[in-house]
Structure formats: C-alpha cells, structure tokens
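The values are calculated or read from the model by the stated rules, or taken from the named source; none is laboratory data. Because the structure is a prediction, the values reported are computed rather than measured. Here the Cβ positions follow ideal geometry from the backbone for every residue, glycine too, while neighbour counts run over all protein chains shown.
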Amino acid sequence: MLMKLFIISNRLPIKIIKDGPDDFHFVKSEGGLATGLTSIDIPGIEKHWIGWPGMEVADIKTRNRLKKELNESNFHPIFLSQKQINQYYEGYSNSILWPFFHYFYSFIEYDNRYWDAYKEVNKLFFEESRKIIEPGSIVWVHDYHLMLLPKLLRDGINNIKIGYFHHVPFPSYEFFRVLPERAELLNGLLGADLVGFHTFDYMRHFVSAVYRVLKVKFQLDHVFIGHHKCYANAFPMGIDYDLYHDAALKPEVQERVKVLKNNYGKDNKLILSVDRLDYSKGIIHRIKGFYLFLKNHPEFHGKVSLVMIIVPSRDTVNKYAKLKKLIDEKIGAINGKYSNINWTPVYYFYHSFDFDDLVAMYSMADIALVTPLRDGMNLVSKEYVAVKGDHPGVLILSEMTGAAAELQSALLINPNDIKQIENAIFQALTMPYSEQMERMEKMQAILSKHTVKKWASDFVGNLLEVCDKNKTLNQKELNTQNSRRICSSFKDGFHRLLVFDYDGTLIGFKDDPDDAYPNEEILEFLRRLASDDCNRVVITSGRDRSTMEKWFGNLNIGLAAEHGAAFKEDGVWQELIAPIDWDDEIVSILKEFVDKTPGSHLETKKTALVWHFRCVDDWLAVIREQQLINVLMSPCNRHGLQLMRGNKILEIKSPVYSKAIELKRLLKNGKYDFMLAIGDDVTDEDMFMAMPNNAFSIKVGMMSDTAKYNIPLQADVLPILRTICNMNS
C-alpha cells in the first residue's frame, strides 16, 4: 500500500485561466516551489497537493466543477473569499510577514484585521485538510503563509508525520522579537516533527527565537514541546539540474541563442538580470551599480549591455507601482545618457519569458548579476550555472542569498554597496577564460549533486527518520496509563527503595533557587509514602545540608545533600568527606565570572562550589560556561577536584562522592524487592547506572540512554508517582 504525501502550500502548482464566463483551463505555475515540488517522484509515495487555486471562485457550481477536475490530478483546492485574499494573503502574509522576514521593517503595514484573517485561513486549511488526510500520512506544510498550521494538524489529526519548510529568510531574534504575534507563530511551527530551512543561519535564528520568546531550549537539533519532540535542520533547495543543463543543448535553443547574439551584437558582452518585481530583490541598487560602472569605465561603452528581465508582481499595489516607476526612470536615465545608434546600455523586459527563451538568455549571458538585498535561496543563480555547461560565464551573487552558502565560487558581494557591484562587473568582464571555467565547474559539481529531487527526498527521508526515532523513544515515555508494570511491581513489594532527586524532578526549576521550597502537595506525598513501613524514601539532591534539613528534616525519610557528600539516616546527619578549604584562585575565578555575567551567581557549599546561570542569556551562557571550564581545568586538576556540568550550573566538587556512590551505600545497607530512582539531571545518570537490572529508573525531561523510562514534563512527575504508589485515592 502506497504511503500518501500531502503537500500543503498557499497556492496549488497551477493557475486557472478563464476563457469565458463558464470556461477555464489550467496552466503550470512558474514559481520555484511549484516547479521544484511538481518534479518530485519518491518511490512508494503517492503525492497529493492542497492549496488555494489563486483566484476567488464564489459560485458553488463552478467550485464543484473545479474541484472535480483538480482532484483527478490529486490537487485539492481550498477556496478563499475576496476578503480573505485581501486580508490574509495580501494583508498579513505579504504586507507584514514578507517585509518582516526580509528585514524591511519600515514596509510593514500593521492592521489587526490581518492577523484575524491569517488565523481564520490557517484554520480553514486545517479543516479542509482534515477531510482528506488519512492516518499514517506524511504532511509537508510550506512557507510563511501557513505557520500556524503544523500545530493545528498536531492537535487535530492523530498518527500523521508533519514537516514544515520555511522558504524565506528567518530573521535574527533582535528583529523577530518586534512582531506582536511572535509566540503564536513559533508555537505553530513547533507542532511539526521537522522544521526545515535553506541555511543553518536561518535555523540558528529560529532556535534562538524559540529559546528567547518561548523560554524553551533546543538540545542540539531538537526541542521538547510537551510530549512532542520537534527537530530543526537545514536543507538547501536545489533545481532540476538536468532539465536546465540539457535544455541548453536542444537544437532549437541553440538556434535561438544564435539569433539573440546577432540581435545584441556578437562582440557585445551581456550581463543578465532576472527578477520578480519586489523591493527585496535589490533592483535599484543593481541599476545604480551598473551606472557607476559605465561612469567609471568609459572603455567599455559600446561593448557591454545589461539585460534586465523583470516579471510583473503586485504592480497595482502602491509600493510596487512606485518601485516600477523608479526602475523605469533609472533605466531611462542610463539609456538617455549613454546609448547611441549602435549600442543600448540597458535592455529592459517587463514580462516573463517562456522556458526555452529564458534558457537561451542564460546560455547567451556572459555574466549573471544576482544581487537581492535578502533572499531565502534564489534559484535564478543556480539555473544560470546549470545552463552554462562547458561554456564560460561569471556569476555575481549577493552574499545575502541562501544560495551564497553553496556557491562560494561566485563573485560574492554585499548588494547594498554599489561600489562592490561596479567592481564585481569589472572583475567579471576581465576574468580569464580559465578562471571562469574553474569557478563554473566547481559550482556545477555542487548543483548537479544537490538537486531539487535530492532536497525533497532528503527532507522527507529525514522526516520519516525523526518520526521513527520519536516512535522508538516514545515507547520509553511513562504516563499514568502505561505505568501499570511499575505499579504492579510496587504492589508486590514488601521492601521498597524509592530515591528521588528534588530540583527539576519533584519540583520545577525557579529563577531563584530559594523559591523552589516544597509546597504542601509535595510534603503530603512524601508523608504518605513514608508512612508505609514497607517504603524507604530518600531524597538525594545537590542542595546543601542545611537547606535539606530545613525543608525535609521533620519527615521520616532519608536525605542526601550535595550529591551524597553528607547523608541523613535514622535522624542523624553524617558526612562522607570533610568540608573543603577552597583555593583562593578558584574562588576568585568564579567571582570574576559572576561579575562579568549578568544573571549568574555563586553558591558556596561545604563540599562544592556551584556557578548558577539559569537567568543568563542563553547565547552568553554557552560562551561563559566553556570559558569558565577552560580557565578552571588547570587549577581543578592541581587540587584533585572535579568539574561537573549540570542543568544550568557548573559545579566544582571532590570526585570521591556522587549520587552513584550514595545509591550503592543504600543498596549495601538493605535488601529490596522493589527499587525506583527518578531524576532529571546529568548527575542522576550515575545513579541510574548504579541501579540493578531489575530496578526501575526514570529520567525527567530529556531522554536518557541509561534510564529505562522517561517523563517529558516535570509537571507530570507527581501524578505518575501517585499512580505507581497507589496514592490516587
């Protein structure tokens, strides 16, 4: 049975062309996403596409007819009203999110109605998708128009695999934080199993935004959101390399190239620029750069021309109409100043080209000038390289494109610097043939391997892989339903040992550790558990002895402080090691790091020094922690001390004690027919490893290779422990 892949994007990969009041036909869209995804053919997967057909269809009969015809090609249309088109598509998506993701803050047009429409349409996509998506299916959501959809799918459809791909840049946190709906959008994306970006820079910005906005931290490439794990990764989108490469070899295209060369002049060097009309494409900067080149290099007059192809887009919108007018004026000014009867400096086409004509233009162009101010990927640069084949050519590419990460052999420039554009044009025109070929071959070697089919199969393959991994890990997840085995073993036990970590396990972390005192719910749970003579209850913590005594001293339970450096048994405290006389060098280093790391503090215990950084900015914390480890390594080695990383702490302690040693002491002094240990930190891993094979070990939060079970959320710990210990009544 074929697995179904449902691609969900704002637009279907077709356009509806009306031939009359009741007549229409379909044509393929020329957009990069549509072109790329329609060429995907993954063995064993049946592809479906859900999206808006691109126009308002108000008549129900026409809708049904369109739906029937589109369904025959596995296209499933979602119809939008004109109001939704205006406020969701033109409004929130294109007047807020598009300029926002491309760093054009001043172009954002806020309107509360836009956000309401965006939520409404995302929900509409979900409701319509739910009717056709089957359990076990793969669902691949695309781009910024549908950022709320992954979570809606997660909450509303069981047993599906959800991927999301972000095709535009993802801005840095300092920019992202200004968006009022930032938290809702991030939560929407985190409903996916896998979130993909074109580059690792975009992924890094996303990870940073999740941490800073939602206060949830990624562990390398994944993050826990409740009981769900979301992964993030980079997948640079390619092109159908063979399609473009082979098209240039077609006789009719080569004949077209000959005609074009005659038209433009055989000896005239041509610079090609291909863009959709948009302020993010850097078109004005490009024209200014070419003007500067002509001004400063009169020796090239009559020998080089710029061919500008601009595809119309939203030119009825005031901002775009102004841009179009400015482009016309700038090109007119250059041609008016420099052209003569035998030479036109700038050839300007304000329309799209069909495929063969575009390939012919790529093939003929000596230079491709691709200089967007921001671009998620940019496929024009890749198409040009693919078409050139074994012919020379130079790609001038903006370093602000996603493609720049792969195409390092291009002439990379800052698109905001028109002087760099001028210099790059001169360098390209004077570049030796051998260097042109060497650069082109390096780029072709990359693009011929990293094609759009590889991009799609890599993403889908990675999505299936992380879903399988989550399924395996979820088998370790403990909840009130699947804890029966432990509960049954607890009932059968007469000599039970229950060892609990405290911070992050019995209680959640607090910004101020002093605020993490036990509430009445925790104390009552411990009292009831300790009242059963069959139970030996022990709390083992990194907390100091005085705090443990103050909080739990009146309970009939065992206590271990500072990870076992001291323990309380039968009401008496005993110390495993004597208090440490801390070296001044180590203390002064720690105090220095506290001073230069806002939000951190130093805790001094009898047998440990702890640098806390829970309230430190995550980016700074990563740097400071590694710096501190590097500085402390030598003095700690000299004094025989251990550096131990914990949950938002760095601890300096003696290596002669640990939670594992404390557990071994407990096991040595008693025989038990039921044993349970639960903790959340790396310090608890030693404890888990010291447990006998027949014991039960539970890790709270991140999965553990050593613990048998996992509870993802600290808030679920007490309810599950009550179930295990038969204390729900």
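Taking (1) in a strand (DSSP E or B); (2) buried (at least 17 other Cβ atoms within 10 Å of the Cβ); (3) outside the structural domain of Glu562 (by TED's automatic domain parsing) in turn, Ile678 satisfies each apart from (3).
Here Leu373 clears all of (1) in a loop (DSSP other than H, G, I, E, B); (2) surrounded by fewer than 17 Cβ atoms within 10 Å (Cβ to Cβ); (3) in contact with a helix residue (DSSP H, G or I) (Cβ under 6 Å, 6 or more places away or on another chain); (4) not small (Gly, Ala, Ser) except the condition numbered (2). Restricting attention to segment 22-62 and to residues that are loosely packed, with under 15 Cβ neighbours inside 10 Å and of a type in the set (A, V, I, L, M, F, W, C), the residue that is modelled with the lowest pLDDT turns out to be Val27. Scanning segment 63-101 for residues that are over 24 Å from Ile7 (Cβ atoms) and surrounded by fewer than 18 Cβ atoms within 10 Å (Cβ to Cβ) yields a count of 3.
Give the residues of segment 302-321 that are touching a helix residue (DSSP H, G or I) at 6+ places or on another chain (Cβ under 9 Å), of a type in the set (Ser, Thr, Tyr) and at pLDDT below 95, sorted by residue number. Hits for segment 302-321 are Ser313, Tyr320.
Could you tell me whether any residue of segment 293-301 is crowded, with 19+ Cβ neighbours inside 10 Å, modelled with pLDDT of 95 or more and within 26 Å of Asn342 (Cα to Cα)? Working first, answer last.
Applying the first criterion (crowded, with 19+ Cβ neighbours inside 10 Å) to segment 293-301 yields 293-294.
From what's left, modelled with pLDDT of 95 or more: 293-294.
Next, only the ones that are within 26 Å of Asn342 (Cα to Cα) stay: 293-294.
Checked against the condition, which is being crowded, with 19+ Cβ neighbours inside 10 Å, modelled with pLDDT of 95 or more and within 26 Å of Asn342 (Cα to Cα), segment 293-301 yields at least one hit.
No other residue among Lys288, Lys261 is in a helix (DSSP H, G or I), of a type in the set (Lys, Arg) and at pLDDT 95 or above apart from Lys288.
State which residue is farthest from Glu569 (Cα to Cα) when the search covers only segment 508-534 and only residues that are without any contact (Cβ under 8 Å) to a residue 60 or more places away in the chain and buried (at least 19 other Cβ atoms within 10 Å of the Cβ).
Ala516
Residue under question is Tyr338, and the condition is that it be without any contact (Cβ under 8 Å) to a residue 60 or more places away in the chain and in contact with a His (Cβ under 7 Å, 6 or more places away or on another chain); does it hold? It is true that Tyr338 is without any contact (Cβ under 8 Å) to a residue 60 or more places away in the chain and in contact with a His (Cβ under 7 Å, 6 or more places away or on another chain).
Filtering Ile283, Ile239 for residues that are buried (at least 21 other Cβ atoms within 10 Å of the Cβ) and over 30 Å from Ala321 (Cβ atoms) leaves a single hit, Ile239. When only residues in segment 637-667 that are of a type in the set (A, V, I, L, M, F, W, C) and in a loop (DSSP other than H, G, I, E, B) count, which is surrounded by the fewest Cβ atoms within 10 Å (Cβ to Cβ)? In this case the residue turns out to be Val656. Restricting the search to segment 60-111, which residues are among the aliphatic types (A, V, I, L, M), free of Cβ contacts under 8 Å to residues at least 40 places away in the same chain and either part of a loop (DSSP other than H, G, I, E, B) or outside the structural domain of Ile14 (by TED's automatic domain parsing) (or both)? Across segment 60-111, the qualifying residue is only Ile108.
When Lys161 is tested against (1) in contact with a Phe, Trp or Tyr (Cβ under 8 Å, 6 or more places away or on another chain); (2) crowded, with 21+ Cβ neighbours inside 10 Å, exactly one condition is not met: (1). Of everything in segment 475-503, what is out of contact with any Pro (no Cβ under 8 Å at 6 or more places or on another chain), outside any loop (DSSP other than H, G, I, E, B) and either of a type outside the set (A, V, I, L, M) or more than 19 Å from Phe567 (Cβ to Cβ) (or both)? Give them in sequence order. Matches in segment 475-503: Arg484, Arg485, Ile486, Cys487, Ser488, Ser489, Phe490, Lys491, Asp492, Arg496, Phe500.
Pick from segment 125-181 the residues that are of a type in the set (Ser, Thr, Tyr) and either within 20 Å of Val207 (Cα to Cα) or in a loop (DSSP other than H, G, I, E, B) (or both): which of them is modelled with the lowest pLDDT?
Once the filter is applied, the top-ranked residue is Tyr173.
Only residues that are of a type outside the set (Val, Ile, Thr), buried (at least 18 other Cβ atoms within 10 Å of the Cβ) and farther than 22 Å from Ala565 by Cβ were counted across segment 580-612, and they come to 2. Return yes or no: is Lys605 within 29 Å of Gly558 (Cα to Cα) and among the charged types (D, E, K, R)? Yes, satisfied.
Residues that are part of a strand (DSSP E or B) and either touching a Lys or Arg at 6+ places or on another chain (Cβ under 7 Å) or surrounded by fewer than 18 Cβ atoms within 10 Å (Cβ to Cβ) (or both) within segment 302-317 comprise Val304, Val311, listed in sequence order.
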